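What follows is a single structure, written as structure tokens, with notes after it.
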Amino acid sequence: SGQAGIYTANVGQGRLKKVAIRELGALRLFEFDLFPGTQVVQGIFTRHGGVSPQPWKSLNLGGLNGDSRENVIENRRRIFDALGRPVETIFDVWQVHSADVICPQQPRRLDLQHQKADAIATNRPDITLFMRFADCVPVFFYDPVKRVVAIAHAGWQGTVKNIVARTVETMQEKYASQPSDILAGIGPSIGPDHYEVGDDVVQAVRGVLGERSPEVVSRKNGRFRLDLWGTNKILLEQAGVRCVEVAGICTACHMHDWYSHRGEHGATGRFGALLALRVGE
């Protein structure tokens, strides 16, 4: 428990890098090096260590894909317990591929309906931000000066709606964060070698990135491919964020460890991403 396993991540264009995956009992999770462990609690959990049967095996956190509610609740309890956070501190949302950001003042009561949004930000250590993914990009934010954390959910729609810039703007407006102070991490998600898209998506990317779109749009065998990691990194930098870490882990390349909606043709679960300020820091 607590030992780091070494994972070879594909960061695109044939480049590989070594990534440490932390093990907590049967659970395995990715953590960004950029975020100080003394100040934040973080984890993007692989699919291992849960109770869900196939095809969601095993740490499924998604409640709308056919798995039982009891399994999802138990899996959620396991990841919160692993990081020492009471599940009653949770704030999660109904993710709808928007550019809407919510700033909760208290946890979401477990019997209350979810609000619709695709980013959450808070400066409260008694709130644990939580989102679910299976190819879309988890983006983590931390402002160590104003003590603010945020998570964004960036599929292609959220990406071209610039959810990451909207999150940075919200941190500025609500908490007086300076973009140059914000640290950002782009988590495990579908990589540029696997993400084929149509002309409509390419045009939308060109609309938001302009002359920089050739950096993230490529063509192979007559099909367009989009680099969501690179797109969000450019948009973060344009929003004034100077420090961005890219996990470089492709969910479609590594379906043994991660859920991939595209790689598994929709018959899959959702992995959980959790971020909170440490209490008392």
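The values are calculated or read from the model by the stated rules, or taken from the named source; none is laboratory data. Treat the numbers as computed from the prediction; the structure is a model and nothing was measured. Quick reminder, even Gly has a Cβ in these numbers, built from the backbone with ideal geometry, and neighbours come from all protein chains shown. Accessible surface is based on the protein model in full, side chains and every heavy atom, while ligands, DNA and RNA are left aside. Shrake-Rupley method; radii C 1.70, N 1.55, O 1.52, S 1.80 Å.
Some values worked out for this structure:
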item	result
Any chance residue 165 is within 17 Å of the chain's Cα centre (by Cα) and farther than 28 Å from residue 63 by Cβ	yes
Flag if residue 19 is surrounded by 13 or more Cβ atoms within 10 Å (Cβ to Cβ), of a type in the set (A, V, I, L, M, F, W, C), modelled with pLDDT under 95 and in contact with a Phe, Trp or Tyr (Cβ under 7 Å, 6 or more places away or on another chain)	yes
First in segment 56-82 and at pLDDT 95 or above, second anywhere and part of a helix (DSSP H, G or I) and charged (D, E, K, R), Cβ under 8 Å, 6 or more apart	59/78; 61/76
Any chance residue 160 is of a type in the set (Val, Ile, Thr), within 18 Å of the chain's Cα centre (by Cα) and open to solvent by 10 Å² or more (accessible area, probe 1.4 Å)	yes
Test for residue 174: is it open to solvent by 30 Å² or more (accessible area, probe 1.4 Å), over 25 Å from residue 61 (Cα atoms), touching a Cys at 6+ places or on another chain (Cβ under 6 Å) and outside any loop (DSSP other than H, G, I, E, B)	yes
Elements of type strands (runs of 3 or more DSSP E) contained in segment 201-272, each with 1 or more residues being in contact (Cβ under 8 Å) with a residue 12 or more places away in the chain and open to solvent by less than 10 Å² (accessible area, probe 1.4 Å)	223-226
Residue in segment 139-155 that is over 15 Å from the mean Cα position of the chain (by Cα), under 21 Å from residue 73 (Cβ atoms) and open to solvent by 60 Å² or more (accessible area, probe 1.4 Å) present	no
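Yes or no, residue by residue, for (1) at pLDDT 95 or above; (2) among the basic types (Lys, Arg); (3) touching a Phe, Trp or Tyr at 6+ places or on another chain (Cβ under 8 Å):
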| residue | (1), (2), (3) |
| --- | --- |
| 157 | yes, no, no |
| 170 | yes, no, no |
| 174 | yes, yes, no |
| 181 | yes, no, no |
| 187 | yes, no, yes |
| 203 | yes, no, no |
| 207 | yes, no, no |
